[in-house]
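Below is one structure, written out as structure tokens, with a few remarks after it.
Every number in this text was worked out from the coordinates using simple rules, so none of it is lab data. Model, not experiment: these values are computed from the prediction. Virtual Cβ from ideal backbone geometry, glycine too; neighbours counted across all protein chains shown.
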């Protein structure tokens, strides 16, 4: 099921955030607490495996070679629309460029008393992310089919290429009956994505070949 994940280096802080968030999440969602992973490169796979739809970070992660802001910057390169929030007692990002990396940043003294207000917003952001991914996958499949049939326009090709880039390492999260169902749906989505990419690549290669033949 879709998950709000809390990453904090201090166990007591994780337990507090989990307790507060659990009191406000809707049925069908869960909360996961996690100590920071050894490197930022491990997070995309971890997000996929744990069905994370929203990520809540601390800024200062003692003992690790990255901060909450550094992790968010890395994830933005791979999952640009993924909902990431900062909840910290330390000073958050100061410049505008870093602040916009997060869906929103909070000081704990503000977040904790108003958790019932903020968690539904997090859930809505997570649902948007899920729906956008599924919509992108459907649009890519349709565009690639048109291109493969020779009916695609230049706009179709540009749109398909843009979606393909955005879904490079994306994953599917949904409200499924159990983990096995989720894994099956995920594997099916990946296979469909790989097939559409191959169709797109084949169509582009074929069009290029025809263009060369006409120019001779």
For a Förster distance of 25 Å, can you work out the FRET efficiency between the beta-carbons of residue 65 and residue 12, rounded to the nearest 0.05? 0.65
Using R₀ = 35 Å, calculate the FRET efficiency as 1/(1 + (r/R₀)^6) where r is the Cβ-Cβ separation of residue 112 and residue 139; round to 0.05. 0.30
Going by C-beta contacts inside 10 Å, put 87, 6 in order with the fewest on the left. 6, 87
Here, residue 19 and residue 81, labelled 7 Å along Cα→Cβ, have an inter-label distance in nm of 3.7 nm
Per the C-alpha gyration tensor (a ≥ b ≥ c, the square roots of its eigenvalues), the stretch 3-123 is rounded if a/c is under 1.5, else prolate if a/b beats b/c, else oblate; here it's rounded
Taking r as the C-beta separation of residue 128 and residue 158 and R0 as 25 Å, the FRET efficiency to the nearest 0.05 is 0.60
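Sorting 14, 60 on the 10 Å Cβ count, fewest up front, what's the list?
Ordered by Cβ neighbours within 10 Å, fewest first: 60, 14.
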Neighbour counts of other C-beta atoms within 10 Å: give me 69, 153 arranged from fewest to most. 153, 69
Point-to-point label distance, residue 121-residue 46, nm (Cα→Cβ direction, 7 Å offset): 2.6 nm
